[in-house]
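The values are calculated or read from the model by the stated rules, or taken from the named source; none is laboratory data. None of these values were measured; they are calculated from a predicted model. Counting neighbours? That spans all protein chains shown, and the Cβs are built from the backbone with ideal geometry, glycine included.
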């Protein structure tokens, strides 16, 4: 929750940041390749990447890499994200867009803090996103505890979900949908153990015009049914579904839907929740009398009835039936 009386920055302010950065990039393109004089103030508008000393790589994937680094000006340890070039361009614009969304979340304590955009030495498109350094990912913590056979207790799960629901609820209240929530995009504080949401690369403003065609974006295992069905206008409920998947994983110690095959994942969701054929419109032989199997996946010795009510509310098949993040926090389990 944001402090009372403190105004939260709107997404419009974040978009203005991106617009200013885009204007700077256009000016930078017109400058000599290696500007050296002080007559080019716009060249200094962005921080220089060489102001940071890279310490080590802490994350890497198809979209790019994140490094731990130290700001030589202040001594602060930060995380720096760079996007991998894909040949079609657009990486700098995508990074600026993520910077704008992070700036719009500045007052949300459950979202990693934005520091600045730094320019590398390869030209005006060589931009890097600088953020606070938090710690390792929740995915790493879950994996380690699975190896050690140390499952999360219900009270630990409740504390984690309270933080995530509050953070996502604040994002939603300010018109931002993350669209790729998963343990790998949640960081665990090295010092205080608090959770922070990161990687807003797929996030969107609800005020932005929807894409002309539905896009299948996200991570297998955490994608809501409506995303798998390529429905248009997928919004805030997709984040709630992903939080349900994270909650089940915390309790059970393993992914609820581990399949990489998206079609099989959709079938398994329908089967697990007992969605009848006349609702799913898929010939799976599931009748209206078929029970949900969710409780079998998360038995009562792992999660109480009050906790299961929250989980079941997060994992409703239809988006309109799903709890909102704010409503979930009002459930008795959090009382």
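On inspection, residue 309 fails the criterion of being assigned by TED's automatic domain parsing to the domain that holds residue 328, under 28 Å from the mean Cα position of the chain (by Cα) and within 24 Å of residue 216 (Cα to Cα). The set of residues in region 184-194 being within 12 Å of the chain's Cα centre (by Cα) and either in a loop (DSSP other than H, G, I, E, B) or buried (at least 22 other Cβ atoms within 10 Å of the Cβ) (or both) consists of 185, 186, 187. Does residue 75 fit the bill of being on the phi > 0 side of the Ramachandran plot, under 21 Å from the mean Cα position of the chain (by Cα) and surrounded by fewer than 16 Cβ atoms within 10 Å (Cβ to Cβ)? So residue 75 fails the test.
Of the helices (runs of 4 or more DSSP H) entirely within region 239-308, those holding at least 3 residues that are modelled with pLDDT of 95 or more occupy 262-273, 294-297. Residues considered: 69, 47, 118, 92. Of these, the only one that is in contact with a strand residue (DSSP E or B) (Cβ under 9 Å, 6 or more places away or on another chain), over 22 Å from residue 179 (Cα atoms) and at pLDDT below 95 is 47. Looking at 234, 230, just one residue is assigned to a loop (DSSP other than H, G, I, E, B), farther than 28 Å from residue 144 by Cβ, modelled with pLDDT under 95 and touching a helix residue (DSSP H, G or I) at 6+ places or on another chain (Cβ under 8 Å), and that residue is 234.
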